[in-house]
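Colleague: Got a structure for you, written out below as structure tokens; questions coming shortly.
Read-outs: derived from the displayed coordinates by stated rules, not from any lab. In this text the structure is predicted, and so the values were computed from the model without any measurement. A quick note on method: Cβ atoms are made from the backbone with ideal geometry, for glycine too, and the neighbour counts reach across all protein chains shown.
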Amino acid sequence: MSATAPLSSVPEPQPAASEASVTPSAPEAWSLARRLAFRFAFAYLGLYFFPFPLDLIPVLGDFITSFQEGLWKAVVPWVGKHVLRLSTDITMMPNGSGDTTFDYVQVLMFFVVAVAVTGVWSVIDRRRTEYVKAHDVLHTNVRYVLAMSMLSYGLAKLFKSQFPFPSPERLVQPLGDFSPMGLLWNFMGYSKGYNVFTGGAEFLGGCLLLFRRTTTLGALVVAGVMVNVVALNFFYDVPVKLYSSHLLLMSLFLVLPDARRLLDVLVLNRATQPRPLQPPFPPSRWLSGAGLVMKVLVVGGIAYGFGSSRLEFIRKYGDSAPRPPFYGYYTVDSFTQDGQHLDATSGDARRWKAVAVSRFGRMNIKHLDDTVKSFGLEEDAPKKTLTLIDGQDDTAKKFVLAYTRSDANQLVLQGTLQEAAIEVRLTRVDESKFLLLNRGFNWIQEYPFNR
């Protein structure tokens, strides 16, 4: 424009973008199938997660958790008996196994209730075309539940407290006598490095899930980890099939919002646009501050709770924890009961075949017929006696045996056990002679060492 141009020809200044009136666009309408799938997922996962996050509230969380557990323990056996008409009553409540009959019936009930809720919800809310905010709330809930699970399992492996090193009795156990789960547990327990590797992947995925920007990356890491975990649980008959499958499905649920973008970039070689990472509710300074405080409290509580419990477990029972007195595996050199000598060829089931003292301070006695009797074990060093405890309550029977040791590997027990006078001479097995323990790591191998 020339310096002599008339004033009327100069363009009028336009308002800045921040000054322009912007009308937010309405969310895109969801398809019917997507709305139905979301309603079902919201109902099912809400039941599966409950009482989270209410269980994080002191006192109230304990009350809600206790009430919920009592309710399910009453309802699930009733449904199993009167609705499903199972051949046996459900008497085994939730325990260390995650695949009990109780668990399967409960998951079935979650599914049925979620279907019913989906149907009623679809009728009542049939005019709604999307659930953007509700999806964000569910998405956030899922990623925190999944993150806590991954951090827990990851720390258990990083601190090597989930899989103990093979015990002496495992080292002498024939391979064919292992259960599939026992084989997997000892395979994992042998290598600290592999525990750190797998636990590190789980821990990394859990950490990435704690932040909105890295959720998809974290979900992909967790999905990769959990595919392997689910396969191990199914193919080695580990009773965590239900729970691990749910964790895998949760990771896939978190990937779904970016599934199309990932397909474009990784498969179709197309350009894609970033997805807005807006919070579930309109941002405000108060909400942002409260959310940050809540995240710090949750993450700090998780780190402290998991870390302290794992360290305490390792201190008492870890691979490097102090061993109880007489820890190890013993072969039986001679066995006398009520004055009668029973040798290894007698076939008499009363004769002991081997004795193992575990890291938990229990004595396991194996008889000639391969049956095993387990006792609690207490030592009185000044009196040179061992007390074998049969039972765990006030009615437990106690048997006192005197012991003598000529050296660290020889042990003689004398006394009365289950109304029979016994004298047993034992020799401790030297664990260092096992090939599994002394082979070690080798960079160079001219030939495969596969034995």
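Colleague: Along Cα→Cβ, 7 Å out, is where each label goes; now give me the distance between the ones at Glu379 and Val79 in nm to one decimal.
Modeller: Output for this residue pair reads 5.1 nm.
Colleague: Working from Cα positions, state the angle (0 to 90°, nearest 10) between the long axis of helix 215-235 and the longest principal axis of the chain.
Modeller: Roughly 30 degrees between the two axes.
Colleague: Listed highest first by mean packing, meaning other Cβ atoms within 10 Å per residue, what order do 321-333, 80-92 come in?
Modeller: So the order, starting with the most tightly packed, is 321-333, 80-92.
Colleague: Along the charge dipole of the chain, pointing to its positive end and built from +1/-1 on Cβ of Lys, Arg, Asp and Glu, which listed residue (His135, Asn186, Gly80) has its Cα farthest out?
Modeller: Toward the positive end, the furthest listed residue is His135.
Colleague: Given the C-alpha centroids of the range 146-162 and the range 201-232, what is the distance between them in whole angstrom?
Modeller: Cα centroid of the range 146-162 versus Cα centroid of the range 201-232: 12 Å apart.
Colleague: When a/c reaches 1.5 or more, the comparison of a/b and b/c decides; with that in mind, is the range 244-338 rounded, prolate or oblate per its Cα gyration tensor?
Modeller: Oblate is the answer for the range 244-338, as a/c is 1.5 or above yet b/c matches or exceeds a/b.
Colleague: How far, in nm, would the chain grow between Val196 and Ser179 when pulled straight, counting 0.36 nm per residue and subtracting the alpha carbon separation?
Modeller: Using 0.36 nm per residue and subtracting the Cα-Cα distance, I get 3.7 nm.
Colleague: Taking 51 Å as R0, compute the FRET efficiency from the Cβ-Cβ separation of Glu28 and Asp370 and round it to 0.05.
Modeller: Here the calculated transfer efficiency is 0.15.
Colleague: What shape does the range 328-433 take by its C-alpha gyration tensor, where a ≥ b ≥ c are the square roots of the eigenvalues and a/c under 1.5 counts as rounded, a/b above b/c as prolate, and the rest as oblate?
Modeller: Because its axes are fairly even, with a/c under 1.5, the range 328-433 counts as rounded.
Colleague: Do you know the relative contact order of the chain, to the nearest whole percent, from alpha carbon pairs under 8 angstrom that are 6+ apart?
Modeller: 10 percent
Colleague: Putting +1 on Lys and Arg Cβ atoms and -1 on Asp and Glu Cβ atoms, find which of Thr91, Ala421, Val115 reaches farthest to the positive end of the dipole of the chain.
Modeller: Farthest towards the positive end: Val115.
Colleague: Can I ask one more? Farthest toward the dipole's positive end in the chain, which of Leu292, Ser31, Ile57, given Cβ charges of +1 (Lys, Arg) and -1 (Asp, Glu) about the Cα centre?
Modeller: Positive-end residue among those listed: Ser31.
Colleague: Extension gain Leu266-Thr404, at 0.36 nm per residue separation less the Cα-Cα distance, in nm?
Modeller: Value of the extension gain: 42.7 nm.
Colleague: Can you give the calculated 222 nm mean residue ellipticity of the chain, where each DSSP H run of n ≥ 4 adds -39,500 (n - 2.57) and the sum is split over every residue, rounded to the nearest 500 deg cm²/dmol?
Modeller: -15000 deg cm²/dmol
Colleague: What is the spin-label model distance, in nm, from Asp393 to Phe434 if the labels are put 7 Å beyond Cα along the C-beta direction?
Modeller: Going from the Asp393 label point to the Phe434 one covers 3.6 nm.
Colleague: Using per-residue counts of other Cβ atoms within 10 Å, averaged over each peptide, order 166-174, 220-228 from highest down.
Modeller: Listed from highest to lowest mean packing, they are 220-228, 166-174.
Colleague: Next up: Can you give the angle from 0 to 90° between the axis of helix 60-78 and the longest principal axis of the chain, with both taken from C-alpha atoms, to the nearest 10?
Modeller: Between helix and principal axis, roughly 70 degrees.
Colleague: Within 10 Å, count the other beta carbons around each residue, average over each peptide in 132-142, 387-397, and list them highest first.
Modeller: Ranked by mean Cβ neighbours within 10 Å, highest first: 132-142, 387-397.
Colleague: Between Glu423 and Ala37, what length comes free when the chain is fully extended (0.36 nm per residue of separation minus the Cα-Cα distance, one decimal in nm)?
Modeller: Stretched fully, the Glu423-Ala37 segment lengthens by 132.0 nm.
Colleague: Could you tell me how far the Cα centroid of the range 36-72 sits from the Cα centroid of the range 417-451, in Å?
Modeller: 48 Å
Colleague: Where Lys and Arg each count +1 and Asp and Glu each count -1, what net charge lies around Pro322 among other residues with Cβ under 12 Å from its Cβ?
Modeller: +3
Colleague: Separate question: Could you please state, rounded to a whole Å, how far the C-alpha centre of the range 93-139 is from the C-alpha centre of the range 315-385?
Modeller: 51 Å
Colleague: Taking just the alpha carbons, could you work out the radius of gyration and Dmax for the range 32-317, both in angstroms?
Modeller: 21.1, 68
Colleague: Could you tally the net charge around Gly391, taking each other residue with its Cβ under 13 Å from the Cβ of Gly391, Lys/Arg +1 and Asp/Glu -1?
Modeller: Around Gly391, the surrounding residues sum to +1.
Colleague: Rounded, prolate or oblate: which fits the range 153-264, taking a ≥ b ≥ c as square roots of the Cα gyration tensor eigenvalues, rounded meaning a/c under 1.5, else prolate when a/b beats b/c?
Modeller: Prolate, since a/c reaches 1.5 and a/b exceeds b/c.
Colleague: Roughly how many debye, to the nearest 20, is the charge dipole of the range 32-317 about its Cα centre, given +1 on each Lys and Arg Cβ, -1 on each Asp and Glu Cβ, and no other charges?
Modeller: 980 debye
Colleague: Could you pull the Cα extents of the range 26-174 along its three principal axes, largest to smallest, in whole Å?
Modeller: 67, 42, 38 Å, listed from the longest principal axis down.
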